Structures are given as C-alpha cells and as structure tokens.
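Novice: Have a look at this one before I ask anything.
The values are calculated or read from the model by the stated rules, or taken from the named source; none is laboratory data. Values in this document were obtained by computation on a predicted structure and should not be read as measured data. Every residue, glycine among them, receives a Cβ derived from its backbone with ideal geometry; neighbour counts consider all protein chains shown.
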Amino acid sequence: MIAFLTRTWRYTSFPASKHANTIEKHTSLSQILMHDLDETSAKRFYRGENFAGSRRTTKTTGVQDLFSKAQFPNAKLDDLVFDPCGYSVNGLIDEYYYTIHVVGGPSVPALVSIE
C-alpha cells in the first residue's frame with residue numbers, strides 16, 4: 001500500500017486529441033492531484049537525519065510497489081529526494097511513462113501529483 005494519506009484529491013483524464021499528429025494520437029494523460037497531505041506521511045519524503053537515499057525512499061514509501069519488477073519487468077525508475085524536502089520519480093514501462101511528485105514542507109502543506 002502506498003503511503004499517501006490525504007484529505008482532498010482530484011482525478012483528471014485527458015483523451016488523445018483527434019487533431020494530434022501520429023505520435024500524439026496515441027498519448028493520453030491521467031492526473032491525480034492530492035493536497036493537504038497528512039504531515040506524518042509527507043515527512044517520509046523529507047531529507048532528515050536518517051535519510052538513506054532516493055531509492056530507499058521509493059521503496060519504504062511504497063512507490064516502488066506500484067510498478068514492481070514482478071509485474072513490469074521492463075520498468076525503469078529515476079527518483080530523487082530534494083534537500084530539505086520534496087520528491088520526484090519518473091518512470092518508463094515499455095512505451096509508457098509516469099511521474100510522481102511530492103512537494104511541500106514543514107511550513108507549507110504538501111501536494112502530490114501523479115501523472
């Protein structure tokens with residue numbers, strides 16, 4: 001289970017445009033935005049004294065489980081935890097891509113974007 005606990009979220013889906021060129025015709029976008037993230041959950045994406053690396057954050061927060069090698073053997077991840085807080089992971093599964101961003105900090109409510 002992923003560690004995003006939130007009080008508010010929004011889902012948006014954009015189908016491919018009928019006027020797009022050939023490459024864009026096969027592209028659609030789905031986006032989930034969550035704000036007012038639970039502070040305890042948000043802290044898991046901060047660089048603190050126990051920070052062990054971006055890959056470890058991806059694993060311990062459950063993000064890695066969304067796109068596991070068992071289900072998606074060709075999945076590739078590029079993850080980064082910003083200093084002092086913030087998280088980004090970009091991934092490829094065959095010809096599909098996704099991004100997850102967590103922004104905010106101790107004095108700013110956290111926001112999660114999944115596309």
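Novice: For region 69-83, which residues satisfy the criterion of being within 14 Å of the chain's Cα centre (by Cα) and of a type outside the set (A, V, I, L, M, F, W, C)? Please lay out each step first, then the result.
Specialist: Start the filter on region 69-83 by keeping residues that are within 14 Å of the chain's Cα centre (by Cα), which leaves 76-82.
Lys76, Asp78, Asp79, listed by residue number.
Novice: Kindly provide the set of residues from region 77-98 that are at pLDDT below 90 and either surrounded by fewer than 14 Cβ atoms within 10 Å (Cβ to Cβ) or on the phi > 0 side of the Ramachandran plot (or both), ordered by number.
Specialist: Asp83, Pro84, Gly86, Asp94, Glu95, Tyr96, Tyr97
Novice: Further question on the same structure: Which of (1) in contact with a helix residue (DSSP H, G or I) (Cβ under 7 Å, 6 or more places away or on another chain); (2) closer than 15 Å to Ile114 by Cα is the odd one out, the single condition Leu92 does not satisfy?
Specialist: All conditions pass for Leu92, except number (1).
Novice: Let me ask you something else. Which numbered condition in (1) surrounded by 12 or more Cβ atoms within 10 Å (Cβ to Cβ); (2) at pLDDT below 75; (3) assigned to a helix (DSSP H, G or I) is the only one that Ser41 fails?
Specialist: All conditions pass for Ser41, except number (2).
Novice: Here's another thing I want to ask about it. If Gln64 satisfies all but one of (1) surrounded by fewer than 18 Cβ atoms within 10 Å (Cβ to Cβ); (2) of a type outside the set (Val, Ile, Thr); (3) without any contact (Cβ under 8 Å) to a residue 24 or more places away in the chain, what's the number of the condition it fails?
Specialist: Gln64 satisfies all of (1) surrounded by fewer than 18 Cβ atoms within 10 Å (Cβ to Cβ); (2) of a type outside the set (Val, Ile, Thr); (3) without any contact (Cβ under 8 Å) to a residue 24 or more places away in the chain except (1).
Novice: Can you name the strands (runs of 3 or more DSSP E) wholly within region 71-115 that have at least 3 residues being out of contact with any His (no Cβ under 8 Å at 6 or more places or on another chain) and within 14 Å of Ser41 (Cβ to Cβ)?
Specialist: On the way: elements: 76-81, 87-93, 96-105, 108-114.
Those strands (runs of 3 or more DSSP E) span 96-105.
Novice: I'd like the full set of residues that are charged (D, E, K, R) and in contact (Cβ under 8 Å) with a residue 60 or more places away in the chain, limited to region 67-115.
Specialist: Scanning region 67-115 gives a single hit, Glu115.
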